1. Look through region 62-76, keep the residues that are touching a residue at least 40 places away in the same chain (Cβ under 8 Å) and part of a helix (DSSP H, G or I), and return whichever of them is surrounded by the fewest Cβ atoms within 10 Å (Cβ to Cβ).
2. Where the second residue is polar (S, T, N, Q) and at pLDDT 90 or above and the first is closer than 23 Å to residue 107 by Cα and lies in region 154-171, which pairs have Cβ atoms under 6 Å and are six or more apart or on separate chains?
3. Within region 23-35, does at least one residue satisfy the condition of being within 22 Å of residue 127 (Cβ to Cβ), not in a loop (DSSP other than H, G, I, E, B) and not aromatic (Phe, Trp, Tyr)?
4. Anything in region 15-42 that is touching a residue at least 40 places away in the same chain (Cβ under 8 Å) and either within 17 Å of residue 167 (Cβ to Cβ) or not hydrophobic (A, V, I, L, M, F, W, C) (or both)? List them, or say none.
5. Would you point out the residue of region 113-146, among those that are modelled with pLDDT of 75 or more and of a type in the set (Asp, Glu), that is surrounded by the most Cβ atoms within 10 Å (Cβ to Cβ)?
6. Testing residue 54 on (1) out of contact with any helix residue (DSSP H, G or I) (no Cβ under 7 Å at 6 or more places or on another chain); (2) surrounded by 17 or more Cβ atoms within 10 Å (Cβ to Cβ), one condition comes back false. Which one is that?
7. Give just the number: which of (1) outside any helix (DSSP H, G or I); (2) within 30 Å of residue 169 (Cβ to Cβ); (3) basic (Lys, Arg) does residue 79 not satisfy?
8. Can you name the number of the only condition in (1) surrounded by 12 or more Cβ atoms within 10 Å (Cβ to Cβ); (2) at pLDDT 75 or above; (3) β-branched (Val, Ile, Thr) that residue 149 fails?
Amino acid sequence: MDFPWVIWPSLWHTIRNWILSNLLIYRYLDQEFSLSSFRTGAIQALVHVSQELSKGNFDALEGLFTKPTLEEVRKNFSRFSLKQRLDLAVQEDDIFLSFPYQIGIIFTNEGSKNERIFVEITMCYHIFRGFQDYLKSKAEGTGSGAFKTVYENHDRISIANYRFIREFTKGVEDDWTITLANHFKPGDMGQNR
C-alpha cells in the first residue's frame with residue numbers, strides 16, 4: 001500500500017504513545033485499554049489476517065479491513081507471484097519484534113453534538129521464518145554469531161506494518177479495523193524510495 005515503510009521505533013513516538021495510551025485513552029476513553037493487551041491482540045490479528053491473505057481468502061477478511069483498504073489489498077494481491085503470496089503467511093512464533101509505532105487520536109466535528117472520536121494505532125512487526133529453529137541452533141552452538149546475525153538472513157526476514165482504527169465516541173460500540181496492511185522485505189528498501 002502507498003505508505004512509508006516503518007522499520008524501527010521512534011523515541012519521540014514512543015514517548016507520545018505512552019502519554020496518549022495512559023493519560024488520554026485509558027483515563028478518558030476506555031478504562032480497559034492497555035497498550036500491552038492491544039499489542040497481543042494485534043499480533044493475533046496479523047497472524048490470522050496474513051494466513052487468510054496468503055490463501056487469497058478475501059471473504060474471511062471482510063469486516064476486518066475497511067472496505068477501501070480491502071479493495072486495495074485485493075488489487076495488489078493479484079500482482080503477487082506465488083512465492084510472494086506464500087510469504088505473506090505469518091506464524092506467531094516467527095515474530096521476533098513488534099511494537100506500536102504511532103498512536104493517533106482523531107476528532108471529527110470537534111465541539112459539535114456530532115463529535116466523533118477515533119483512535120488509530122500503527123504497528124510494526126519483524127518476522128523471521130523459522131525463528132524458533134534458528135534460536136535452537138544458536139543455543140546448541142550449531143549456528144555462528146549472535147542475535148545480531150538474525151538480520152543477516154535477509155531471505156527469511158520480512159516486516160509488516162498494520163494500522164488499526166476504532167471509534168471511541170461515547171455510546172458507540174466498535175471493533176478495531178485494519179486501514180493499512182504492508183508486508184515487505186528489508187532488502188526491497190530501495191524499491192520504496
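1. The extreme case among them is 76.
2. So the pair list comes out as 163/122; 163/179; 165/177; 165/179.
3. Yes, region 23-35 contains at least one residue that is within 22 Å of residue 127 (Cβ to Cβ), not in a loop (DSSP other than H, G, I, E, B) and not aromatic (Phe, Trp, Tyr).
4. Within region 15-42, 16, 17, 20, 21, 24, 25, 29, 30, 38, 39, 41 meet the criteria.
5. Applying the filter and picking the extreme gives 120.
6. (1)
7. For residue 79, the exception is condition (2).
8. Against the list (1) surrounded by 12 or more Cβ atoms within 10 Å (Cβ to Cβ); (2) at pLDDT 75 or above; (3) β-branched (Val, Ile, Thr), residue 149 comes up short only on (2).
The values are calculated or read from the model by the stated rules, or taken from the named source; none is laboratory data. Worth saying up front: this structure is predicted, and the values here are computed from it rather than measured. Methodologically, a virtual Cβ is constructed for each residue, glycine included, from the backbone with ideal geometry; neighbour enumeration extends over all protein chains shown.
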